[in-house]
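The values are calculated or read from the model by the stated rules, or taken from the named source; none is laboratory data. Just so you know, these numbers come straight off a predicted model, no measurement behind them. Here the Cβ positions follow ideal geometry from the backbone for every residue, glycine too, while neighbour counts run over all protein chains shown. When the accessible area is computed, the model is the full protein with side chains, heavy atoms only, and any ligands, DNA or RNA have been set aside. Shrake-Rupley method; radii C 1.70, N 1.55, O 1.52, S 1.80 Å.
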Amino acid sequence: MQRAVRGLKSFFSSSGKWLPLAGLLIALMGPLASMAFAADPSGAETLAADPKAPVNYVWVLVCAFLVYIMQAGFALVESGFCRAKNAVNLMMKNTMDFCIGTIAYMAVGFAFMFGADKSGLIGTSGWFLAGGEYDVGRYLLYMFQVVFAATAATIVSGGVAERLKFKAYFIYSIVISAIIYPIYGHWVWGGGWLAKLPFGAGHVDFAGSGVVHTVGGWIALAGAMILGPRIGRFNKEGRPVPIPGHNIVYAVLGCFILWFGWFGFNPGSTFSAHQLRISVIAVNTNLAAAAGGIMALLWTLKKTGKYDMGMTVNGILAGLVAVTAPCAWIEGWAAVVIGLIAGILVCLSVDIVEKLKIDDPVGAFSVHGINGVWGLISVGLFADGTYGLCTTDAPLVKGLFYGGGTGQLIAQLIGAGVCVAWSFILGWLTFKIMDIIFGIRVSAEEELEGLDLGEHGADAYPDFVTTTLKK
Amino acid sequence: MKLLKVIIKPFKLDDVKNALAEIGVQGITVYEVKGFGRQKGHKEVFRGSEYAVDFVPKVMLEIAVHDDQVAKILDVVKKNAATGNIGDGKVFVLPLEDVMRIRTGEKGDKAI
């Protein structure tokens, strides 16, 4: 026990007075739990008022669980694309950002995103899921939204892989889950100002090309820029040197798991099983992934003469990211076109990022940051006016190619610009401030030896190590 | 006595081992090794970027033999390990000062 307390103290010692803060948070939760509520914690009233509720609850929860398993997909893609000496570190980051995200989003993130709106800028009620939040409907919303928040958080670990201190990642996870993600999310999904833009149907982002992927992708870019490239990524003449990942099988298995999880991510965002549009959404999701994979394969075949598995994984994920915003409002052919363009964009972006001497080990920015923006813009072009905002009623979402004019496109461009600026600037500040205070990059010796040993005292594959009990 | 270090392509190991057993070789030690000769390395691709792999995987057999076995063994290795392409490997023949069988303590030719 004492050893555990010492460990906690050393963990937080260089980053200020964390222990009292944690105590304060726990003290705050007590009175909140005993507050009076007029909500429906048992579900009886909700069921009586809406006999159709059960199928919606099951639908949303099953989709939330599918999105949850995307954490495993990210963990496998990232560790597979990086070296064996950092595999434990990447597993730990993907594990801990979900644990931290769950608690931080429960404490304040959910309230900032879905609490009572203040001036279209921020939510201001519902802390700690307590009081009036103790309600089956609100808990359902929390469950579906927390797995999205954790997805945004976990995108970043790939961009900062193999050189970021774990302590910095721990603190970053709190900041994105409690502040960066939920406040922007409020602007789009919580009834905030972007949703109310006077163009088209307002800025729309069906399942989160912007809210989740653009946010995560641009924070990843900020982190990668502040950290600088891994040792050996560029040689003395400044030419890029590939650092091959240690397990392509992991990376591809991770890609399949992400693809599977996306069938919850997008169709579940109707938040209702009675919206039969879910079949269209599922098909569009699948089409864009397939098209993205084919295009990235052909693009790299032309460049290298080989059928490249790694870029094919990136192309599939790029297609999925891009179709996430438009999936509810487009026809099948448009999903294919959006996926094909995503497959090209991800390849071009990987080359440009490399030319700029930025080291993004798994392509997190090119997959999520670039194609998140492309997904938002594509709504303004391809939306066909057959479906509205999770309802078949007006306002219907209609883009340029279907005679909707430029209104929706303008709303999408504004939203994309705001999303990029918000996430990049706050991500930059988060990493920069930590860097000034305690330095976010591990020492050169630790980087060369691998973070698994330095940060975790562990080895992902300890096959040939003989062990004896430590005296 | 001689010590042979036989470096060959990994997929030729079974053929070479079986052929050597047929001519009476009684013990072989195998290592997985990496290296390059005139073959140099080869190119691989990771996420759209090409890179050179200088040290390619081979297996190395160590065989301790009587002097009069050497010519026969070299002949058998050539027959069974050659593909005719660059990168087939090499055999190094080294003088062997002494050998001891640990179980009995026998030394020299008797211990091979």
Of all helices (runs of 4 or more DSSP H) completely enclosed by the range A:399-461, which ones contain at least 3 residues that are in contact with a strand residue (DSSP E or B) (Cβ under 9 Å, 6 or more places away or on another chain) and closer than 30 Å to residue A:192 by Cβ? A:407-438
Does at least one position in the range A:360-370 carry a residue that is charged (D, E, K, R), open to solvent by less than 40 Å² (accessible area, probe 1.4 Å) and in contact with a Ser or Thr (Cβ under 8 Å, 6 or more places away or on another chain)? yes
Considering (1) touching a Leu at 6+ places or on another chain (Cβ under 9 Å); (2) within 24 Å of residue A:247 (Cα to Cα); (3) not hydrophobic (A, V, I, L, M, F, W, C), say which one residue A:304 fails and leave the rest. (1)
Within the range A:434-448, which residues are open to solvent by less than 40 Å² (accessible area, probe 1.4 Å), farther than 15 Å from residue A:220 by Cβ and among the β-branched types (Val, Ile, Thr)? A:442
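Residues checked against (1) among the aliphatic types (A, V, I, L, M); (2) modelled with pLDDT of 95 or more; (3) within 30 Å of residue A:308 (Cβ to Cβ); (4) part of a helix (DSSP H, G or I):
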site: A:59; (1), (2), (3), (4): no, yes, no, yes
site: A:72; (1), (2), (3), (4): yes, yes, yes, yes
site: A:77; (1), (2), (3), (4): yes, yes, yes, yes
site: A:80; (1), (2), (3), (4): no, yes, yes, yes
site: A:103; (1), (2), (3), (4): yes, yes, no, yes
site: A:113; (1), (2), (3), (4): yes, yes, no, yes
Within the range A:250-267, take every residue that is within 14 Å of another protein chain (Cβ to nearest Cβ) and among the aliphatic types (A, V, I, L, M) and give me the one that is surrounded by the most Cβ atoms within 10 Å (Cβ to Cβ). A:251
Could you list, in sequence order, all residues of the range B:70-97 that are touching a helix residue (DSSP H, G or I) at 6+ places or on another chain (Cβ under 9 Å) and either within 14 Å of chain A (Cβ to nearest Cβ) or surrounded by 13 or more Cβ atoms within 10 Å (Cβ to Cβ) (or both)? B:73, B:76, B:77, B:80, B:81, B:82, B:88, B:89, B:91, B:93
If only one of A:367, A:346, A:337, A:362 is in contact (Cβ under 8 Å) with a residue 40 or more places away in the chain and away from every other protein chain (no Cβ under 14 Å), which one is it? A:337
Pair list, Cβ under 7 Å, 6 or more apart: the range B:23-49 residue of a type in the set (Asp, Glu), other residue surrounded by 11 or more Cβ atoms within 10 Å (Cβ to Cβ) and assigned to a strand (DSSP E or B): B:32/B:57; B:32/B:59; B:44/B:51; B:44/B:53
Step by step: first the residues of the range A:205-235, then only those that are open to solvent by 10 Å² or more (accessible area, probe 1.4 Å) and under 18 Å from the mean Cα position of the chain (by Cα), then the one that is farthest from residue A:370 (Cα to Cα). Which residue is that? A:206
Pick from the range B:37-69, criterion at pLDDT below 90 and more than 14 Å from every other protein chain (Cβ to nearest Cβ), ranking: most open to solvent (accessible area, probe 1.4 Å): B:38
The one condition in (1) out of contact with any Leu (no Cβ under 7 Å at 6 or more places or on another chain); (2) open to solvent by 20 Å² or more (accessible area, probe 1.4 Å); (3) within 17 Å of residue A:152 (Cα to Cα) that residue A:431 fails to fulfil: (2)
Exactly one of A:75, A:84 is of a type in the set (Gly, Ala, Ser), closer than 26 Å to residue A:249 by Cα, open to solvent by 20 Å² or more (accessible area, probe 1.4 Å) and in contact (Cβ under 8 Å) with a residue 24 or more places away in the chain, and that residue is A:84
Could you give me the residue pairs with C-beta distances under 6 Å whose first residue belongs to the range A:198-214 and is within 13 Å of residue A:417 (Cα to Cα), whose second residue is open to solvent by 10 Å² or more (accessible area, probe 1.4 Å) and assigned to a loop (DSSP other than H, G, I, E, B) wherever it lies, and which are 6+ apart or on separate chains? A:203/A:197
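Hey, any hits in the range B:56-63 for a residue that's in contact (Cβ under 8 Å) with a residue 60 or more places away in the chain and in a strand (DSSP E or B)?
yes
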Yes/no for residue B:21 being more than 14 Å from every other protein chain (Cβ to nearest Cβ), surrounded by fewer than 17 Cβ atoms within 10 Å (Cβ to Cβ) and hydrophobic (A, V, I, L, M, F, W, C): yes
Please specify each residue of the range A:268-324 satisfying the condition of being within 14 Å of chain B (Cβ to nearest Cβ), open to solvent by 50 Å² or more (accessible area, probe 1.4 Å) and hydroxyl-bearing (Ser, Thr, Tyr). A:307
Which listed residue, of A:122, A:171, A:155, A:179, is open to solvent by 40 Å² or more (accessible area, probe 1.4 Å), of a type in the set (Val, Ile, Thr) and out of contact with any Leu (no Cβ under 8 Å at 6 or more places or on another chain): A:122
Report yes if residue A:241 is surrounded by fewer than 24 Cβ atoms within 10 Å (Cβ to Cβ) and within 14 Å of another protein chain (Cβ to nearest Cβ), otherwise no. yes
Would it be correct to say that residue B:43 is more than 12 Å from the chain's Cα centre (by Cα), part of a strand (DSSP E or B) and charged (D, E, K, R)? yes
